[in-house]
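Working notes, structure below.
The values are calculated or read from the model by the stated rules, or taken from the named source; none is laboratory data. It should be emphasised that the depicted structure is a prediction, and the values quoted were computed from it without experimental measurement. Glycine also receives a Cβ, built like all others from the backbone with ideal geometry; neighbour counts cover every protein chain displayed. When the accessible area is computed, the model is the full protein with side chains, heavy atoms only, and any ligands, DNA or RNA have been set aside. Shrake-Rupley method; radii C 1.70, N 1.55, O 1.52, S 1.80 Å.
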Amino acid sequence: MKILGIESSCDETAAAVVEDGVTVLSNVVASQIDEHKLYGGVVPEIASRRHAENICGVVSEALESAGVTMDDIDAVAVTYAPGLIGALLVGVSYAKGLSFATGKPLVPVHHLAGHIAANYISHPELEPPYLCLVISGGHSHIIEVKTHTEFHVVGRTRDDAAGECFDKVARTLGFPYPGGKEIDRAAQLGNKNAFKLPHPKLTGCEYDYSFSGLKTAVINLWHNAEQRGEELDVNDLAASFQKTVSDILSEKLMLAAENLGYKKIAVAGGVSANTGVRDKIAHECKKRGYELYMPKFTYCGDNGAMIASQGYFDFKAGKVAGADLNALATLPIDQMYNVQCTMYNG
Ligand code: KG4
Ligand code: ZN
């Protein structure tokens, strides 16, 4: 079964054709990063306009490089939540039009479910149930993946997402947007034990994260040194920061795995490309004898293949939307199917 996947939730216009959820026939990504870089972050209005300009070409290229036409496609999957509302609406409107014009079913996909599905592309042998850490620019969740289409969030960030924390620290240290990758690069040249940075102390849910205190601590450290006329080693600070984030992420993930009885772990989302995070989680999983699954680097960030992959599993589970499908800026991953079922029945 071939699914066309469309993604436009943030700053990448992406489309892909994936067969049976795991075999990528094409994966086209038009990134807007260079333009948003000028402003130090994503400008939603610019993102929507660029999606509108790019989407026809990106979808045509995805079909062409897969060597297929719409006649060969079984369903059109599209990210409908969560994300920037204007950006999402471009993908959703386009997918609805395409579905109407071709008579192909329309499958609404949750962006985070898509990130998780990137692991099925990289590891076709992976089967739920497992515990997944989803770390992106907007989310940091520990999620029980019960089946391909059933999720339960057990922990989440109470403030900044891990990616947001990387990007804001990077901006202070003078790196361009999006700074996560830049911190990763600088960290490889620095001493990760040079600075001792704070770990959050939270009451309540023991699997929840908090990154705003760490972010503020690094920013204050940098600015205070500047005011004293001192220069901190940027690579050492990047390495220490990355180590602290990796330790925090891994610690709660391992705690949740142990308490909830999971020995199969996955990581997903843009920040899963971080080498420090990958190494730390790999080390902790190895120590405990857990199986670990992480997406190949190509599928860590936003892409259409992950949406087509999740679209395949959603379609098989009967999650099909009508022409009344709307985009949603926020939607918890464990509430989405209530919304979709209403659409299906309607
Ligand atoms: O999943 P994603 O592409 O978009 C969202 O759904 O948000 O994640 C983007 C985030 C950005 O914050 C970016 O800086 C971060 O992922 N990121 C990284 C790395 N590559 C991307 N963070 C740390 N290290 C990296 N190598
Ligand atoms: Zn994403």
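When ALA161 is tested against (1) within 16 Å of ligand 2 (Cβ to nearest atom); (2) touching a helix residue (DSSP H, G or I) at 6+ places or on another chain (Cβ under 7 Å); (3) modelled with pLDDT of 95 or more, exactly one condition is not met: (2).
Scanning the stretch 207-266 for residues that are among the small types (Gly, Ala, Ser) and free of Cβ contacts under 8 Å to residues at least 12 places away in the same chain, which turns out least open to solvent (accessible area, probe 1.4 Å)? Within the stretch 207-266, the match that is least open to solvent (accessible area, probe 1.4 Å) is ALA225. Applying the selection to the stretch 107-145, what residues are of a type in the set (A, V, I, L, M, F, W, C) and open to solvent by 10 Å² or more (accessible area, probe 1.4 Å)? Matches in the stretch 107-145: ILE121 only. Looking at the structure I just gave you, is ASN224 over 28 Å from the mean Cα position of the chain (by Cα), among the polar types (S, T, N, Q) and part of a helix (DSSP H, G or I)? Judged against the criteria, ASN224 is a match.
When HIS148 is tested against (1) open to solvent by less than 50 Å² (accessible area, probe 1.4 Å); (2) without any contact (Cβ under 8 Å) to a residue 60 or more places away in the chain, just one condition goes unmet, and that condition is (2). Only one of the numbered conditions (1) open to solvent by 30 Å² or more (accessible area, probe 1.4 Å); (2) in contact (Cβ under 8 Å) with a residue 60 or more places away in the chain; (3) within 30 Å of ILE219 (Cβ to Cβ); (4) in contact with an Asp or Glu (Cβ under 7 Å, 6 or more places away or on another chain) is violated by GLY155, and that is (1).
Might you check whether a residue that is of a type outside the set (Gly, Ala, Ser), in a helix (DSSP H, G or I) and free of Cβ contacts under 8 Å to residues at least 12 places away in the same chain occurs anywhere in the stretch 40-63?
Initially, the stretch 40-63 is screened for residues of a type outside the set (Gly, Ala, Ser), giving 42-46, 49-51, 53-56, 58-59, 61, 63.
Pick out the ones that are also in a helix (DSSP H, G or I) and you get 44-46, 49-51, 53-56, 58-59, 61, 63.
Those left that are additionally free of Cβ contacts under 8 Å to residues at least 12 places away in the same chain: 49, 53.
Yes: one or more hits.
Residues in the stretch 163-212 that are within 14 Å of ALA238 (Cβ to Cβ) and assigned to a helix (DSSP H, G or I): 16 in all. Of all residues in the stretch 277-328, those satisfying the criterion of being open to solvent by less than 50 Å² (accessible area, probe 1.4 Å), within 16 Å of ligand 2 (Cβ to nearest atom) and assigned to a loop (DSSP other than H, G, I, E, B) are MET294, PRO295, CYS300, GLY301, ASP302, ASN303, ALA327.
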